1. For the chain, set up a GNM with springs between Cα atoms under 10 Å and report which of T69, T100, T28 has the largest fluctuation.
2. Quick one: dipole size for the chain, taken about the Cα centre, charges +1 on Lys/Arg Cβ and -1 on Asp/Glu Cβ, in debye to the nearest 20.
3. Identify which of K65, K76, K43 has the largest mean-square fluctuation in a Gaussian network model of the chain, with springs joining Cα atoms closer than 10 Å.
4. Among the aspartates and glutamates, which have Cα under 13 Å from the Cα of K43 when same-chain residues fewer than 8 positions away are ignored?
5. So for the chain, considering every pair of alpha-carbon atoms, how many percent are separated by more than 23 Å?
6. In whole Å and largest first, what semi-axes does the C-alpha gyration tensor of the range 11-71 yield when each eigenvalue is scaled by 5 and square-rooted?
7. Which one, G42, G61, G111, has the greatest fluctuation when you compute a Gaussian network model over the chain with C-alpha springs under 10 angstrom?
Amino acid sequence: QVQLVESGGGLVQAGGSLRLSCAASGRTFSNYYMGWFRQAPGKEREFVAAISRSGSIPDYGDSVKGRFTISRDNAKNTVYLQMNSLKAEDTAVYYCAASTRWIRVDPAGWGYWGQGTQVTVSS
């Protein structure tokens, strides 16, 4: 079992940047694949990014490729999402997720979730 807590959300102007953090409990952080999802009002939860256990293999949703970067620091039990060139359509609640298997885009396959952090991009 792992507990996840997101932080770093807030209000930012279009074109700006934010860095989200997700802190995980336990000593087994390196055993988990980590991911980020987002959900805007009236929309389904959307895959944003995922990263392998070692941190060497990232994966991104098409809507954020070239703008967002996922990374992890296993020594700190933390995964990050660096968001650059933010757009109004990036506005959503962002959720951190963990899985013992490589699931990627399907939210139902991820076993653990944080509470979410709000990101609002003004245009």
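1. T28
2. Once rounded to the nearest 20, the dipole reads 280 debye.
3. Maximum fluctuation in the GNM of the chain, among the listed residues, is at K43.
4. Straight-distance partners of K43: E89, D90.
5. Tail fraction, whole percent: 21.
6. Calculated on Cα positions only, the semi-axes equal 23, 14, 13 Å.
7. For the chain, modelled as a Gaussian network with Cα springs under 10 Å, the answer is G42.
Where a number appears in this text, it was derived from the coordinates with a stated rule and is not lab data. Remember, it's a predicted structure, so these values are computed and weren't measured experimentally. Cβ sites come from the backbone with ideal geometry, for glycine too, and all protein chains shown count toward neighbours.
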